[in-house]
Each structure stands twice: as structure tokens, then as C-alpha cells.
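Here is the structure we will look at.
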Amino acid sequence: MDHVPENVLTAISLVFGLLALATILIVLKGAFFRADDHGELVRRLKSWWVIICLFSAAVVLDRTAAIILLCFVSFLAFKEFISLAPTRRVDRPVLFLAYLVIPIQYFWVYQYWYGMFIVFVPVWVFLIISVRIFVTSETSGFLRAAGTLHWGLMLTVFSLSHAAYMLALPKIDNPGAGSVGLLMFLVILTQLNDVAQYIWGRSIGGPKILPKVSPGKTWAGFLGGVATTAVAGYVISPYLTPFDGLHCLAAGAVIAIAGFLGDVTVSALKRDMGVKDSSNLIPGHGGVLDRFDSLTYSAPVFFHYVYFFLYGPMSLTA
Amino acid sequence: MARRLQFLFFLIVIRPVVYLLIGLNVRNWQRLPSCGPGIIVANHNSHLDTLVLMSLLPLKLLPKLRPVAAADYFLRNRMLAWFATNIIGIIPISRHGEDSDPLAGCYAALDAGDILILFPEGTRGEPEGKLGAFKRGVQILARNRPDIPVYPIYLHGLGKIFPKGAILPLPFCCDVHVGSPLTHKEKGDKFMAMLLAFYTATLEEGQFPEWR
């Protein structure tokens, strides 16, 4: 465990502390009050234990383990996507090819090859998938097949792989937390934002923000979530990221807004497909796609936020 | 020995494949049997059907699960026959009626408290969402053992994952709908109609994405 930066270990310990506290509260609440959603809360809590244990183990183990875990998350998310979306039987070989994209994309991360990482899915896969689809010479439904596959790969593979690329950022000046600190920051704040939006929304209610796509979401939930996450970002950021001051506050807000948009995007997808939860793999959370929906947006947005301020024209380190 | 191999094979190979590579979306899990005897009835699109159904129940019930399978197909060579009999635990039945009573093995298993897995379509049908005609085996078994519950299950997606003639399985999430158990004693002459009604209702109610 020597290679794990001290602040990252502290962050992991705090997350486990928070989880233990939540467990005690929910168990006590179940013992004294009869709430309708108690079973649902317990299932969510169990899932959180599994997710956090797996994630912490991967982060503590080494960079390769973390990349493999995130690659597996992409696989599960893409599988859920492709099970929801209409597909054509003739495209079976194309779907194999699409699955092959997942390990290759994470291989670029493992290789620290930023150029390939950033063009592989948007350019190469885009070109190749279309060719592979028309080779089967079934032109009826071509656009729908190609569009569906590429959209799914962009959301579940390309976007999510940005979380992993945090671990491959070069020459990062982040004493105390290293590149793992940035990944921890992203994941902790994204998940915290989900919880904060849920709690603010439930306790205040009020006008709905997007009644057509996500009838459960309110302006109070959204604004309360953004404020909570921005403040949390401001507090945590100096320990886990190279940012300070206004950059910390903005980092939290950026993750909160992107997380919200990711959540709504997956909701829109599910509404279009006429389902509620995308699979039952994670009890109480729906599927992997439901749990990591916010991360599909917050990962690339926060990644490019970091990239801009660390290496961009307004580089903090230069 | 064979039991231990079966246990290990399901624990190390089949369950991870079924739950991680494929992923099941089970409706009404609580309706599944917790003990034998019983008859699980399902539609048939893929060799994976049997393995998925066997993974739905707890591992301790594994030795009690007996898929009913065609003798001419699964006993066609010695290696496959050994695997089918010892690891999967099939009850081979003849499709061509050479035996005096092709269902004798099924009665024996039910009387020993086992849970049969039966595909009344008789063969892997056309995937997905089309149901072949049911053969009479279920009805005869249920009539002769009227107290034994029949558990109807509808599987969707396995014909996409591993259809007839495929070499590699393609990962998709699979839907498993478990119906309410029926006994012949309660339903009498309506038994077959009620069984079929479950399948037609599930096909209509489930919003399955297109695959053609």
C-alpha cells in the first residue's frame, strides 16, 4: 500500500466511515420506524458496500486493476445498452466487433497513449463500424444500426474511459494524492451529487425541472445538489486535486451539472425504449447503466476541465 | 466425484458466465421452487436455456435439477453423453418412441423428489418471441402426478446470445419471467390452457426490443 498516496487512503477511510454511519442510521431507522422504502434503502446500501469495496480494492491494488475494473464497468454498461436498443440479427458479427472496442479503448489508457485514446472511438470506430455494417449488404435500417451502435459506444465506452484516463495523465503535480486523487475526486463527487440531488429533491419538492424526461427531478433537487457538490468540492479539492480557490468550487459545480445531465440522458434513453431500470444486476439501483449514468457525463467533462487547466492555454502549472 | 465436479463447474464456470457475462433480469424470483419435487417448464431457443435455469436456483438444489433432454442428440457420442449425464444431470428421453414408456425416467426422478426441467417445444425454436407448439409430455406428467407444482418460465434473449448454430455467445442481458406455479389437481382440464396463457400474456406484456 506504500504506493497509494496518503490523502487517497484518508479519503477511502472517510468514505467507509460515511457508509458505516449510513448503515447504522438506516438500521436504526428500520428498527424504530416503519417506512415503506426501507427494503429499497437496504438493497441500495448493500450495493453501495459492494461497489465501494470493489472500487477501493482496485484503487489500492494498482493502476492496472483500476483500469480493468473500469473496463468491466464499460462492458456491463454497453451490454445493458445493446440489450435495450433494437438490433438486427444480421449485425451479430458487428456487435462482436463493438464489444472488441471496449478492451482496445482501455488498452490505450493502459499505454498512456492520449492521441489514440481520444480519436479511437470518435474517428476510427465511427469509420470502421459503418463499413462493417454495409459489408453485410443489408441496407434497410443501416442508419439506425450504425447510429445506435456508435452512440452506445460513445456513451458507455468512450465517455466512461475518461475516468480511467485520469490515471494516465502525464507529469501531474499533485503531491499527497497523485493522479488517483483526481479519479477519487470525480467518483466521490459524482456519487455524492446523486445522493444530494435525491435528498434535496425529496425534502423540498417544488416545481419539476424536466417533467417529460425525469418526472421525479425538481429545481430544488438540482440547485441543492449543485450547491452541495460545489461546497464539497471546495472542501475536498485541496486534498485530492492540484486546484485551489475558485477552481475547486467550479470543479464541484461542473461535476454536479454534468452528472445531472448524464442522469437525464440515460433517463431519456430508457423512456424511448419504454423501460424503467436497464437491468437488475445491482439490487436497488437498477442496472450498471442506471448507477453510472451520471459518470457518463461527469467523467469526460471533469477530465477536460482538468486537462484544460493543467495543460491548456491557461495552464496553472506553466 | 461427479457431483463435486458438477458443483465446481457451475460455481466456477457457469454462474460467472450467466450472472456477469450475460446478466439476468428476473421478474418474480420468489415464485421459483425452494425444494423438490417440481416441474420447471420453459421455452427453448438455445443450449444456454438449461444452464440459465439451473443457475436460477440455489446451488444446494443443483443435484436435484434434472433437465429432460433428447437421447439421440445428447447421447450421440461417449464424451457428450458423460458430460450430459454426470455434469448436467439430464434424464435422456427418446424422441422416436422406441421405449415402452419414454417418460419412465421422469416419473422415477419426480418420485425421488427431483425438479425436472422441461422444454415442451421439444427443440430449440425460432428466436425470439415466437413459441413453437407444445408437445404432450408436460400434460401427461402433470396428469399422472397431479400434486406436483409446474413452474412456467419465459426466457427472452438467449436466442440472441447463443442461437442454434452459433460458435460464440454474444453478451446480452436476458429476461426471465417466472409465472405462478400450477398443479393439475387445481386446474384439471384447464391445465394446458392456463400454462399456454402464461406464455401468450408474457409475450404481450414484455416490451422486448426488436431482433430480426
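The values are calculated or read from the model by the stated rules, or taken from the named source; none is laboratory data. The model shown is predicted, which means the values in this text are computed figures rather than measured ones. Heads up, the Cβs are rebuilt from the backbone with ideal geometry, glycines too, and the neighbour counts pull from every protein chain shown. The protein model used for the area step is the full one, side chains on, heavy atoms only, and it has no ligands, DNA or RNA in it. Shrake-Rupley method; radii C 1.70, N 1.55, O 1.52, S 1.80 Å.
With 25 Å as the limit, the listed pairs A:212/B:130; A:46/B:160; A:270/B:164; A:79/A:208; A:79/B:164; B:135/B:185 have A:212/B:130; A:46/B:160; A:270/B:164; A:79/A:208 beyond it between alpha carbons.
Return the calculated 222 nm mean residue ellipticity for chain A, to the nearest 500 deg cm²/dmol, obtained by summing -39500 (n - 2.57) across DSSP H runs with n ≥ 4 and dividing by the residue count.
Computed ellipticity for chain A at 222 nm equals -24000 deg cm²/dmol.
Taking R0 as 22 Å, what FRET efficiency do you get between residue A:127 and residue A:154 from their Cβ-Cβ distance, rounded to the nearest 0.05? Computed FRET efficiency for residue A:127 and residue A:154: 0.95. Computed from point charges on the beta carbon alone (+1 for Lys and Arg, -1 for Asp and Glu), the dipole magnitude for the protein assembly as shown about its Cα centre is near 880 Debye. With the charge dipole of region A:2-159 set up from +1 on Lys and Arg Cβ and -1 on Asp and Glu Cβ about the Cα centre, the Cα lying farthest toward the positive end among the listed residues A:128, A:94, A:51 is that of A:94. With a cut-off of 16 Å on the backbone N, the residues of region A:157-180 near the modelled label site 7 Å out from residue A:6 along Cα-Cβ are A:174-178. By a 1.4 Å probe calculation restricted to protein chains, residue A:288 has an accessible surface near 0 Å², given to the nearest 10.
Would you mind calculating the relative contact order of chain B from Cα pairs under 8 angstrom and at least 6 residues apart, reporting the percent as a whole number?
Reported as a whole number, the value is 28 percent.
Each Lys and Arg contributes +1 and each Asp and Glu -1, all at the Cβ; summed about the Cα centre of chain B, the dipole is approximately 420 debye. Remark: the protein assembly as shown carries 47 Å² of accessible area per residue (probe radius 1.4 Å; ligands, DNA and RNA excluded). Peptide B:183-189 has a mean of 0 when you count, residue by residue, the C-beta atoms of other protein chains within 10 Å of its C-beta.
For the chain pair A and B, buried accessible area totals roughly 1900 Å², probe 1.4 Å, rounded to the nearest 100. Here region A:105-261 has 73 percent of its accessible surface on carbon and sulfur atoms, given a 1.4 Å probe and all protein chains in place. Using +1 at the C-beta of Lys and Arg and -1 at the C-beta of Asp and Glu, which of B:208, B:102, B:188 has the Cα lying farthest in the positive direction of the dipole of chain B? So the residue furthest toward the plus end is B:102.
Averaged over the residues of peptide A:84-90, the number of Cβ atoms from other protein chains lying within 10 Å of each residue's Cβ is 4. Averaged over the residues of B:161-171, the number of partner chain Cβ atoms lying within 10 Å of the residue Cβ comes to 2.
Accessible area per residue (1.4 Å probe, heavy atoms of protein chains only) ranks A:38, B:96 as B:96, A:38, with the largest value leading. Under the criterion of Cα pairs below 8 Å and six or more residues apart, the relative contact order for chain A equals 19 percent. Only protein heavy atoms count here; on that basis, with a 1.4 Å probe, residue B:194 has an accessible area of about 80 Å². Sorting A:33, A:308 by solvent-accessible area of protein heavy atoms yields A:33, A:308, largest first, with a 1.4 Å probe. What does the C-alpha gyration tensor say about the overall shape of chain B? Classify as rounded when a/c is under 1.5, otherwise prolate if a/b is larger than b/c, or oblate. Cα axes put chain B in the rounded bin. Here is what passes the span test in chain B: the DSSP H helices with alpha carbon length of 18 Å or more along the helix axis and a Kyte-Doolittle mean of -1.0 or above are B:191-205.
Candidate membrane-span-like segments in chain A, meaning DSSP H helices with Cα atoms spread over at least 27 Å of their own axis and a Kyte-Doolittle mean of -1.0 or above, are A:6-32, A:38-61, A:63-84, A:92-110, A:178-204, A:219-240, A:246-273, A:293-311, with no membrane implied. When region B:2-205 is described by a simple charge dipole with +1 on each Lys and Arg Cβ and -1 on each Asp and Glu Cβ, the residue from B:20, B:33, B:151 located farthest towards its positive end is B:20.
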